[in-house]
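Here is the structure we will look at.
The values are calculated or read from the model by the stated rules, or taken from the named source; none is laboratory data. As the structure is a prediction and not an experimental result, all values here were calculated from the model. When we count neighbours, we look across all protein chains shown, and the Cβ atoms used for this are built from the backbone with ideal geometry, even at glycine.
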Amino acid sequence: MKKALITGITGQDGSFLAEFLLHKGYDVHGIIRRSSVDYRERIAHLEGHERFHLHYGDLGDSMSIMQVLSLVRPDEIYNLAAQSHVQVSFDAPEYTANVDATGTLRILESVRLCGLADSCRIYHASTSELYGRVEAVPQDEQTPFHPYSPYAVAKLYGFWIVKEYRDAYGMFCCNGILFNHESERRGETFVTRKITLAAARIKQGKQEKLLLGNLDSLRDWGYAKDYVECMWLMLQQEQPDDYVVATGEQHSVREFCQLAFHEAGIELRFEGEGVHEKGIDVATGKVVIEVSPDFYRPTDVVNLLGNPEKARTKLGWNPQKTPFAELVRLMVKHDMGKVAADDAAARVKVNLEEYLEKGIVK
Ligand code: NAP
Ligand code: G4F
C-alpha cells in the first residue's frame with residue numbers, strides 16, 4: 001500500500017485529493033495546523049477512515065515537518081499548503097514568503113535530511129499567477145514568468161527551488177502550474193465562491209448587494225476535483241516534469257456573475273463603467289452588484305488563459321471534463337441549498353429561544 005502525505009489537507013484541493021487517493025487505495029496522511037477552533041469542515045467526513053491519518057505541523061516550522069516525515073516516510077508528498085489568497089499577500093507579504101517560498105524549501109530539505117530523496121516523489125502546487133503581467137496569451141510551459149503580487153513572487157521561489165532540487169539531487173519533484181480551479185468547497189473570499197454565495201443569498205432575500213473589484217479580469221476556471229487527478233498523474237510518470245493544468249477557456253468576472261445569477265434565477269444587465277458599473281436585476285430594476293475600489297489590488301493579474309496540451313498528451317488528462325457552465329451550475333446549486341439550510345437552522349434556533357422564553361419548552 002502506497003503512503004501519501006498531503007500538506008494543506010484541510011483546504012479545497014487537499015480535501016479532494018485525500019478522497020481521490022483513499023479511493024486509489026493509498027494510506028493518506030495529512031498535516032494540519034493547531035487552531036483554537038476545530039475547523040476541519042472539508043475533511044470531517046474522512047475522519048475515522050482506517051487509512052486516513054492527521055498530524056500536527058506547520059510549514060513555518062522545520063522541526064514539525066521533519067518529525068512527520070520521519071514518522072510517516074511517505075512514497076509521495078503533495079505540497080499544497082500555502083497562504084493562498086493573492087489580495088491577503090499584499091497585507092501579509094512576509095508571512096506569505098515564509099510559508100509559500102521558504103516553506104517549500106523546508107519540505108524539500110526535510111525529505112533529503114530524512115533520507116527519502118531517492119524514494120519519495122514530490123508534487124508542488126505552483127500557479128498561473130507566475131505569469132502575472134502576462135507576456136503571451138495563452139500561457140504554456142515555455143511562457144516567461146512575470147510575477148505581479150507578493151504571493152506570486154513567493155510562489156516563483158517555490159517553483160525554482162523545486163527545479164533546483166530535481167537538478168541538483170536528482171529528486172523526483174514536479175511543479176503543477178495550475179490555473180484557477182474552483183468548487184463548492186472554494187474559500188468564500190475567492191471571487192467565484194463570493195459570487196455564487198451572493199447570488200444564492202440575494203435570490204433568497206438574505207443579502208441586498210454584492211460588492212466586487214475588477215469585473216474585467218479574465219481567468220481560466222476549471223473544477224478542482226478534476227485538477228487533483230492531474231497532480232497524481234504527474235507523480236506516476238517515468239520522469240519528473242512541470243505541467244500547465246488549465247481548461248484552455250477564458251471568461252471574465254462579469255461573465256461569471258451573469259451566469260451564476262442566471263443559475264440562481266436572476267437575469268442581470270450591466271450598466272456604467274469602472275467603479276460606476278452596476279449589475280441590475282432585469283426583473284426588478286434593483287442594483288444587485290456594485291464595484292468597490294476596496295477590492296482592487298495594487299497590481300492585478302488580468303489575462304490568464306492556459307494551454308493544457310502537454311498535460312493532455314503526456315498525462316492523458318482531460319482538461320474539459322467539467323465545462324465552465326457545468327462548474328458554475330454545480331457551485332450555485334450547492335450554495336442555493338446551503339443558504340436555505342442555514343436559514344432553516346437559524347429559524348429553528350429562533351423558535352427554540354422563543355419557546356424557552358415563553359416556557360413552552362423547558
Ligand atoms: P486553500 O483552500 O486556501 O488551502 C490552503 C491550505 O494550506 C489549508 O489547508 C491551510 O490550512 C494550509 N496552510 C496554510 N498555511 C499553512 C502553514 N503555515 N502550515 C501548514 N498548512 C498551512 O488553497 P487551495 O485552493 O486548496 O490551493 C492549494 C494550493 O494550490 C495552494 O498552495 C495554492 O496556493 C495553490 N494553487 C491554487 C489554485 C486554485 O485556483 N485553487 C491555483 C494554483 C495554485 P488551514 O485550513 O489551517 O488554513
Ligand atoms: O478569485 P481570486 O481572488 O483568485 P486569484 O487572485 O486569481 O488567485 C487564485 O488563483 C491563483 C491561480 O491563478 C492561485 F494561485 C491562488 O492561490 C488563488 O487560488 O481573484 C480572481 C480575479 C482577480 O483578478 C481579482 O482582482 O477576480 C478579481 N476580483 C474582482 N472582484 C476579485 C473580486 N477577487 C476577489 N477575491 N474578490 C473580489 O471581490
**Asked** farther than 23 Å from A198 by Cβ, within 15 Å of ligand 2 (Cβ to nearest atom) and in a loop (DSSP other than H, G, I, E, B): does that describe P298?
**Response** yes
**Complete:** Scanning region 53-71 residue by residue, those farther than 14 Å from R121 by Cα, out of contact with any Asp or Glu (no Cβ under 7 Å at 6 or more places or on another chain) and assigned to a helix (DSSP H, G or I) turn out to be S62, M63, I65, M66, Q67, V68, S70, L71
**Prompt:** For region 92-122, how many residues meet the condition of being of a type in the set (A, V, I, L, M, F, W, C), under 25 Å from V228 (Cα atoms) and either within 16 Å of ligand 2 (Cβ to nearest atom) or touching a helix residue (DSSP H, G or I) at 6+ places or on another chain (Cβ under 6 Å) (or both)?
**Reply:** 7
**Asked** Checking L5 against (1) crowded, with 22+ Cβ neighbours inside 10 Å; (2) within 16 Å of ligand 2 (Cβ to nearest atom), which test does it fail?
**Response** (2)
**Request:** Answer yes or no: is there a residue in region 198-219 that is of a type outside the set (K, R), modelled with pLDDT of 95 or more, in a loop (DSSP other than H, G, I, E, B) and within 14 Å of ligand 1 (Cβ to nearest atom).
**Result:** yes
**Request:** Sort through D281, D300 and tell me the only one that's of a type outside the set (K, R) and within 16 Å of ligand 1 (Cβ to nearest atom).
**Result:** D300
**Message:** Given the condition within 12 Å of ligand 1 (Cβ to nearest atom) and basic (K, R), answer yes or no: does some residue in region 158-176 qualify?
**Reply:** no
**Asked** For region 33-50, does any single residue satisfy the condition of being away from ligand 1 (no atom under 13 Å from the Cβ) and part of a strand (DSSP E or B)?
**Response** no
**Prompt:** Here are some residues: V68, V86. Which one is more than 17 Å from L156 (Cβ to Cβ) and either touching a helix residue (DSSP H, G or I) at 6+ places or on another chain (Cβ under 8 Å) or of a type in the set (A, V, I, L, M) (or both)?
**Reply:** V68
**Asked** Across region 64-103, what is the total count of residues that are surrounded by 19 or more Cβ atoms within 10 Å (Cβ to Cβ), more than 10 Å from ligand 1 (Cβ to nearest atom) and over 20 Å from W160 (Cα atoms)?
**Response** 4
**Fill in**
Taking region 217-267 and keeping residues among the charged types (D, E, K, R) and without any contact (Cβ under 8 Å) to a residue 40 or more places away in the chain leaves E238, R254, E255, E267
**Item:** Yes/no for V137 being modelled with pLDDT of 95 or more, in a helix (DSSP H, G or I), in contact with a strand residue (DSSP E or B) (Cβ under 7 Å, 6 or more places away or on another chain) and not polar (S, T, N, Q)
**Value:** no
**Item:** Residue pairs meeting the criteria (Cβ under 6 Å; at least 6 apart or on separate chains; first part of a helix (DSSP H, G or I), in region 164-182; second among the β-branched types (V, I, T) and within 16 Å of ligand 1 (Cβ to nearest atom))
**Value:** none
**Message:** Out of the residues in region 284-295 meeting the condition of being in a loop (DSSP other than H, G, I, E, B) and under 22 Å from T196 (Cβ atoms), tell me which one is nearest to ligand 1 (Cβ to nearest atom).
**Reply:** S292
**Prompt:** Here are some conditions: (1) without any contact (Cβ under 8 Å) to a residue 60 or more places away in the chain; (2) within 17 Å of the chain's Cα centre (by Cα). S126 meets all but one. Which one does it not meet?
**Reply:** (1)
**Request:** Could you tell me whether any residue of region 306-323 is in a helix (DSSP H, G or I), at pLDDT 95 or above, among the acidic types (D, E) and closer than 30 Å to D226 by Cβ?
**Result:** yes
**Request:** Among the numbered conditions (1) in contact with an Asp or Glu (Cβ under 9 Å, 6 or more places away or on another chain); (2) within 16 Å of ligand 1 (Cβ to nearest atom); (3) not in a loop (DSSP other than H, G, I, E, B), tell me where L130 comes up short.
**Result:** (1)
